[in-house]
Structure formats: C-alpha cells, structure tokens
Amino acid sequence: MFDSPQHVEFPMQEIKIDGKKVYIQQYQNLQMSDKVSESVINSQNAIPSSATFSGSMFLDFIIPNSIHIPKTCCLRLEVSNNATQNLLLPPIAFLLQRIEVYIGSALCQTVYNWNLYLEECLTNSYEEATSLQEAININNITFNAHPVYQLVAGNTKREYFLPLKTFLDTTNLFVPGLKQEVRIRVYFDSYARWGLTSAAYGVSPLPTVEPTISKVELDVEHVVLSRANYDKIQAIYMSPQPLVLKFLDSRYQSNSIVSSAGTLNTQNLSSIHGTINGLFIMLRNQNATGENQYNFKLIDNFYISDATGSILKNGKQFSNLFIKTIGNTNYFQGKSFFCTQKNVYPYLFSQSFIQAYRYGVSCGVYPFTSHEVLNIVPNGSGNDELLTIAYVSAMIAIKSGIADILK
C-alpha cells in the first residue's frame, strides 16, 4: 500500500504557549509582523435625516492614526427610493460630483465622477468587473448601468459600494507619521444632474419624489504595523531627509464646441501640462444629464500637435477603428475592452497605463506645456462638450512629518 519508509526530518522550533515551552514543526509556525485589518469610518458631519442629493452636500471622513497604512477606501452608501415608482440609478460613480483629499489644509487631489467611472472600467479585468457589478452598478460588457442592479423598487432602500481611487490606494502612506490630518471630502451630485431620463425608463413612469441618502460610511482596508516596523517608518517620516511617494494624478479640460460631422475641430489644451502618461478624449452632449453623461459620441479620427504645428507620435492620426481594435489591445494588453465598447479614445505615452495607475510606476511620459492642440473630426453634428482627461505624474514629499504635494 505504501512505498518503503524513508527517513524524513521535520525541523522543530521551541515556542511558548501560555508561558509553557512547547515544540512545533517549524513550517507550521506562523510569523506575523504586520497584519491586514479593516475599519469603518463615519463622517465628521452628520447626514441630515432627509438628505436629498445636492451638489452642495458633502461629507468629511478623517483617517485616524490607528489606520497605519491605508490600502483601499470604499464608500458604502444606501439610497432610499421615496416614491412608489421604481427608481433607476446610473453607475454609482455619477451619484458623486467629486472627491477631495486633504493633508492638513492643503488640497492634494481632486477626483471627479468621470475619473471614478473611467478608472473602474479601465483598470479592472473582466473577472473583476463581473464581481463588482452589483456593488458599483456597471455592467461588465456594456459599461452602462446594470439592468438588474440599477433598480431600487418603490419605497425601498438599496446598498452600494464605490471604491474611492485616490493616492491613498497606491502610495502606502504612513498616516501616523504625518503631523497633519488626512481627510477625504465627498461631494454628492444633484438628482437633477444624475437622474436618468425618460428614454432610460421606457414605458415605465419616472419617480415623482426625489431619492435620499439614508446611510454613508467609509470602509478602509489597511495594514497594522508591528511595533518594530512602526518605529522604523516613523523615524523615516520624521527625518529631515525628504521621502518621496509617487502616484498618478489627473487633470482635465472641458470645451464647449459646435460639432459638424466630418469637419476638423481644434482646441488648445491650455489646462494640460506636466509629465503626462496619457490622455482620454470623450465627446458628449453639452450639459449632459442622466445616462448622457456616459453615452459618449463617436469621433472619426483625432491627433495632437505641439506649439510648432508638428503632429505628435511621428505624425500619426488615430482613427476610431484603430483605437477600438489594435490600439485597445496594444494599450491594455487584453485586460480591458472598455474602449472597444464605449467611444472613449486613449492617447497614451506609457507602455502600461494600468501599471502606472496602480503603482505609480511610469513606463513612458510626454512633457506637455499647455500649448498642445487637440484636433478631432466628429462623426455627428450638435452642441457638444469635448472632455480631455490627462493623467500626470505627481509626488508627495514628506520631510520632518510634513507632507507637500509636487505636481
């Protein structure tokens, strides 16, 4: 039944359990210095009993020193449908207007709803997008609101989760090492802005009463350091020698344009500057609301030129077909097909945008001077908004416990 017995040695290690010496096999001795933990943070300002969605409403969440190194910050919110009719929601990112992250009184990063939507669609694999559908209400194939999870039945509530993708996710920031307070401020958008149109409801009636926010919390997954590691990192943060943490920040430019099908439209990218890893170009209805915020329009081709009129990337002009096929495969290595489904046009300088986004590891940049020009040929005509989102290398410099943002 068994092979011939062989002599096998199992190294033993002496440990103490309840003050008594015992011996265990060495491979079963778990050495735990740092551990992963989770915490729930409530907002500093209480939610009103009937908090309607409003562009002026915000909540502040302070990251306490008991959270040593934040890894992920996820907003947990409960939406109440106060009408008898069913309520349909957009992707959850659009319930927010923007997120602001402060260290002390300094505004370090602003993340808009289109950033959150774009990053959820671009940086998650198909499998990750599938598992997140119910939480964030993004269909893993169409990248629209999910037909099942977008629905909040009349006079009921529904819970959602939204990862807040900020530099706290990627820099391994040691919160107790700062003399300043780390704060996340979340602004909600108005129902008039994000509420879906009658076209989305079809034959179903629209709600006659506005929805409200009944619960909001911030779930933080974080690392709790051992005392030895805590002291080591604390000494580094308090040192007069600067410590630099890299991350990928975003800048954007919005232009109101009159599109004419097949006619070249040019816009100076005066708001885009710095070492750019890549841009994303989108065209949508001017003053878009509801589902039109993420129903982008087709662009036949586009290119970017510098101040001298020379076209970047060796004079290459990009067509819609190229971006949705070869370009998407080259840029995202098959990890995302978002740009093939939606009219979102990447213009990347980094060999791996996802690597740069997740870890701050730059694999290629181009220095923008605010004098570059975006040239597009729209496929249709109308009054539109041309939205250009640029991802730029940024750094946090920490010296003697004081953080400074370098962009």
Those residues of region 241-276 that are in a loop (DSSP other than H, G, I, E, B) and among the aromatic types (Phe, Trp, Tyr) come to a total of 0
Output the residue which, of all residues in region 44-67 that are at pLDDT 95 or above and in contact with a helix residue (DSSP H, G or I) (Cβ under 6 Å, 6 or more places away or on another chain), is farthest from residue 180 (Cα to Cα). 67
Being over 19 Å from residue 364 (Cα atoms), out of contact with any His (no Cβ under 7 Å at 6 or more places or on another chain), buried (at least 20 other Cβ atoms within 10 Å of the Cβ) and in contact (Cβ under 8 Å) with a residue 40 or more places away in the chain, is that true of even one residue in region 249-268? yes
Residue ranges of helices (runs of 4 or more DSSP H) in region 139-240 with at least 1 members without any contact (Cβ under 8 Å) to a residue 60 or more places away in the chain, more than 22 Å from the chain's Cα centre (by Cα) and surrounded by fewer than 21 Cβ atoms within 10 Å (Cβ to Cβ): 198-201, 227-238
Name the pairs: first residue in region 117-137 and more than 19 Å from residue 159 (Cα to Cα) and assigned by TED's automatic domain parsing to the domain that holds residue 76, second residue of a type in the set (Gly, Ala, Ser) and at pLDDT 95 or above, Cβ to Cβ under 8 Å, at least 6 apart or on different chains? none
May I ask you to list the residues in region 336-379 that are in a strand (DSSP E or B) and not aliphatic (A, V, I, L, M)? 345, 346, 347, 366, 367, 368, 369, 375, 378
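Mind listing whichever residues of region 310-335 are of a type outside the set (S, T, N, Q) and either assigned to a strand (DSSP E or B) or touching a residue at least 60 places away in the same chain (Cβ under 8 Å) (or both)?
Result: 311, 312, 318, 332, 335.
The values are calculated or read from the model by the stated rules, or taken from the named source; none is laboratory data. Quantities reported herein were computed from a predicted structural model and do not represent experimental measurements. Quick reminder, even Gly has a Cβ in these numbers, built from the backbone with ideal geometry, and neighbours come from all protein chains shown.
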